[in-house]
Amino acid sequence: MTLDLLQNPFFQRALAAALMIGFANGFFSGFVVLRKHALSVSALSHTMLPGITLGILIAGALTQLSAFLGALFAALFVGLGSVAVARGKRIAQGTALAVLYTTAFAAGVAILPHLETRQELEHWLFGEILAVGTTDLWITFGIGTLTLLTANLWIRPILLTLFEPNVAAAQGVPVRRMQYLLFTLLALSLVASLQAVGCVLSVGLLVAPAATISLLTDRTPLLFWGGGILGAAGSVAGVILSAALNLSAGPTIVMVLGGLFMLAWLFSPKYGVLVPGRR
Amino acid sequence: MSEPHHSCCEHHDHHHELVVQGLRVSYRNTVALKDINFATSCGNRVALIGANGAGKSTLIKAIAGLVPRSRGSIHWRGTTVRRWSREFAYLPQREEVDWSFPITVRGLVEMGRYPQVGWWKRFSRTDDESVESALETLDLKDLQNRQIRELSGGQQQRAFLARAIAQEAHVLLLDEPFTGLDRRAAGQLGELLAQLAHEGRLIIASHHDLGSAPRLFDEALLLATHQVAFGAVEHTLTTAQLETCFAP
């Protein structure tokens, strides 16, 4: 049965997509974990739903492109907007983000009943990786390459910013620009994972891998590369497992990654709660 | 301790001077700091002394380029410091740092080299050597693979100093470095700052303990949102001036 499946082009594309999305998002989960930014990502992911409805409203139909562009626009608008609002220092970025994303979400919910495409929208909420087409694969590949390259080029100033923005600024790092860059990269990664795991579950892919690795090592670079490898392996395993157990692929991927996190939390040699003598 | 690997005064007849003129910092309509005028040079340890809210941290941050200066200028070694200088290192208050950040002591010190190495280039042998040497100078060699939360308060302070030294900073701007340290750690840090100053660095630190100031610093700047006095520590910390500074 497995061999049959492996020759199935839908399944092949799903595996390729899982590998690429899993790696890129696993890599970026390093930034999310370092910034203790999981809730922000959650907010951004929820923003993609009103983005998709906006895309449908403007384009008149739910297509790959309208959904992608709508989601990207909304995530960027809310993400970068929150950085801009927090500039004044009066409003914390988390506060700004909460206000902006709930407002966007509310707008999406208000528009939704007036659209004809409510059924198909479910794909975008929870993902449908088996429906990934060749074009989608190329889009995923393109976004993944772009975001990974950019992140690697700027990883030092980004890390300095994440660790201590004041020390970074005193070293001449353009801290504000790095924050905009980071949010842009996160928004792009979220949108790239839309097809695989959907709006709601995309957070799992963008947090769990590095959260798991952070329980296993104190070396910063390993968070990124380890997160990428774990994300890719977990996603591929999720797709295969979902076929074997006849479950939906997106949720299975997230469950696998969540399960690995729980294992690390319990048994990590240094930080595991069940390991005696841990520090 | 190892031999000093870097000194800013070794090859110069004159001392490098830091000159602050007419400095003012305001947040919207509130003046946080005004009329700051002083000049000092490398080799000195300068204490910024004043009550809470007197502007100690603000002055440190203004020199580091972290808060915009609304008026005045800063000159270092004869050139105007527009916003920040690579030769300045800012060491934040310990409570401002996220110690749970997954980074080792060595990783933290390596961060100090990033501006020298550039955003893209690999670490050269020189870079590795400065990291090694900074770790050695601050006696952190054995702790280099520890996560930074696993250090004591004094060791954490030393890790940031090592980072500043790896950065080859000449001016160290420290925000309340002695706060929260026990006597022994405070004593060690005091010796360390003396050594770093002796090697030719300029140390500027906010400090709230008047009792220990004469022992730990050469010069003092008394602050009460404006400059009350500046000079050698024993002349500056007089009863009359302290009364102006700490008057309710």
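The values are calculated or read from the model by the stated rules, or taken from the named source; none is laboratory data. As the structure is a computational prediction, the values presented were derived from the model and not from experiment. Ideal geometry is used to build each Cβ from the backbone, glycine not excepted, and the neighbour counts take in all protein chains shown.
Summary of computed values
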read-out	value
Residue check, A:Leu223 buried (at least 24 other Cβ atoms within 10 Å of the Cβ), within 14 Å of the chain's Cα centre (by Cα) and in contact (Cβ under 8 Å) with a residue 12 or more places away in the chain	no
Among the candidates A:Ala92, A:Ala74, A:Ala98, A:Ala104, residue that is surrounded by fewer than 17 Cβ atoms within 10 Å (Cβ to Cβ), of a type in the set (Gly, Ala, Ser) and within 21 Å of the chain's Cα centre (by Cα)	A:Ala98
Which listed residue is touching a Ser or Thr at 6+ places or on another chain (Cβ under 8 Å) and under 27 Å from A:Leu222 (Cβ atoms), from B:Gln155, B:Gln147, B:Gln167	B:Gln147
Residues that are aliphatic (A, V, I, L, M), touching a residue at least 12 places away in the same chain (Cβ under 8 Å) and either within 14 Å of chain B (Cβ to nearest Cβ) or over 22 Å from A:Gly22 (Cα atoms) (or both), drawn from the range A:255-279	A:Ala264
Residue list for the range A:165-210, restricted to those being touching a Ser or Thr at 6+ places or on another chain (Cβ under 7 Å), within 14 Å of chain B (Cβ to nearest Cβ) and within 30 Å of A:Gly70 (Cα to Cα)	A:Val175, A:Met178, A:Pro209, A:Ala210
Selected residue (only one of B:Ser133, B:Ser124 is farther than 16 Å from A:Pro221 by Cβ, of a type outside the set (Lys, Arg), more than 20 Å from the chain's Cα centre (by Cα) and not assigned by TED's automatic domain parsing to the domain that holds B:Arg77)	B:Ser124
Residue that is nearest to the other protein chains (Cβ to nearest Cβ), among those in the range A:129-154 that are within 16 Å of A:Tyr180 (Cβ to Cβ) and surrounded by 15 or more Cβ atoms within 10 Å (Cβ to Cβ)	A:Trp154
Residue in the range B:82-98 that is within 11 Å of chain A (Cβ to nearest Cβ), within 30 Å of A:Gly226 (Cβ to Cβ) and among the hydrophobic types (A, V, I, L, M, F, W, C) present	yes
Residues being over 23 Å from B:Gly180 (Cβ atoms), acidic (Asp, Glu) and either under 20 Å from the mean Cα position of the chain (by Cα) or outside the structural domain of B:Ala51 (by TED's automatic domain parsing) (or both) - total across the range B:209-242	2
Scan of the range B:160-173 for residues that are among the aliphatic types (A, V, I, L, M) and either surrounded by fewer than 24 Cβ atoms within 10 Å (Cβ to Cβ) or away from chain A (no Cβ under 12 Å) (or both), ordered by number	B:Leu161, B:Ala162, B:Ile165
First in the range B:86-99 and free of Cβ contacts under 8 Å to residues at least 60 places away in the same chain and in a loop (DSSP other than H, G, I, E, B), second anywhere and surrounded by 14 or more Cβ atoms within 10 Å (Cβ to Cβ) and among the aliphatic types (A, V, I, L, M), Cβ under 7 Å, 6 or more apart	B:Trp99/B:Ile148
Unique residue being in contact with a strand residue (DSSP E or B) (Cβ under 9 Å, 6 or more places away or on another chain), within 10 Å of chain A (Cβ to nearest Cβ) and not in a loop (DSSP other than H, G, I, E, B) when the list is B:Lys34, B:Lys61	B:Lys61
Per-region count, the range A:213-254, residues in a helix (DSSP H, G or I), within 12 Å of another protein chain (Cβ to nearest Cβ) and at pLDDT 90 or above	7
Residue in the range B:155-165 that is outside the structural domain of B:Leu222 (by TED's automatic domain parsing), more than 27 Å from B:Tyr114 (Cα to Cα) and free of Cβ contacts under 8 Å to residues at least 40 places away in the same chain present	no
Evaluation of A:Ala170 against (1) surrounded by fewer than 19 Cβ atoms within 10 Å (Cβ to Cβ); (2) in contact with a strand residue (DSSP E or B) (Cβ under 7 Å, 6 or more places away or on another chain) (one fails), failing number	(1)
Top-ranked residue of the range B:43-58 - restricted to ones that are under 13 Å from the mean Cα position of the chain (by Cα) and away from chain A (no Cβ under 14 Å), ranked as farthest from B:Val228 (Cα to Cα)	B:Gly43
Within the range B:17-33, tally of residues that are surrounded by fewer than 13 Cβ atoms within 10 Å (Cβ to Cβ) and basic (Lys, Arg)	1
Qualifying residue in the range B:122-130 (condition: buried (at least 21 other Cβ atoms within 10 Å of the Cβ), within 8 Å of chain A (Cβ to nearest Cβ) and at pLDDT below 95)	no
Tally of residues being in a helix (DSSP H, G or I) and over 14 Å from B:Gly112 (Cα atoms) across the range A:167-187	13
Evaluation of B:Gln156 against (1) surrounded by 20 or more Cβ atoms within 10 Å (Cβ to Cβ); (2) among the polar types (S, T, N, Q); (3) within 12 Å of chain A (Cβ to nearest Cβ) (one fails), failing number	(3)
Filtered residue count, the range A:57-100, keeping only those that are polar (S, T, N, Q) and under 15 Å from A:His46 (Cβ atoms)	1
Matching residues in the range A:44-68 - criterion: being small (Gly, Ala, Ser) and closer than 12 Å to A:Gly198 by Cα	A:Ser45, A:Ala67
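Yes/no per residue for (1) out of contact with any strand residue (DSSP E or B) (no Cβ under 6 Å at 6 or more places or on another chain); (2) surrounded by 19 or more Cβ atoms within 10 Å (Cβ to Cβ); (3) among the hydrophobic types (A, V, I, L, M, F, W, C):
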{"site": "B:Leu193", "(1), (2), (3)": "no, yes, yes"}
{"site": "B:Leu196", "(1), (2), (3)": "yes, yes, yes"}
{"site": "B:Leu202", "(1), (2), (3)": "no, yes, yes"}
{"site": "B:Leu210", "(1), (2), (3)": "yes, no, yes"}
{"site": "B:Arg215", "(1), (2), (3)": "yes, no, no"}
{"site": "B:Gln227", "(1), (2), (3)": "no, yes, no"}
{"site": "B:Phe230", "(1), (2), (3)": "no, yes, yes"}
{"site": "B:Thr236", "(1), (2), (3)": "no, yes, no"}
{"site": "B:Thr244", "(1), (2), (3)": "no, no, no"}
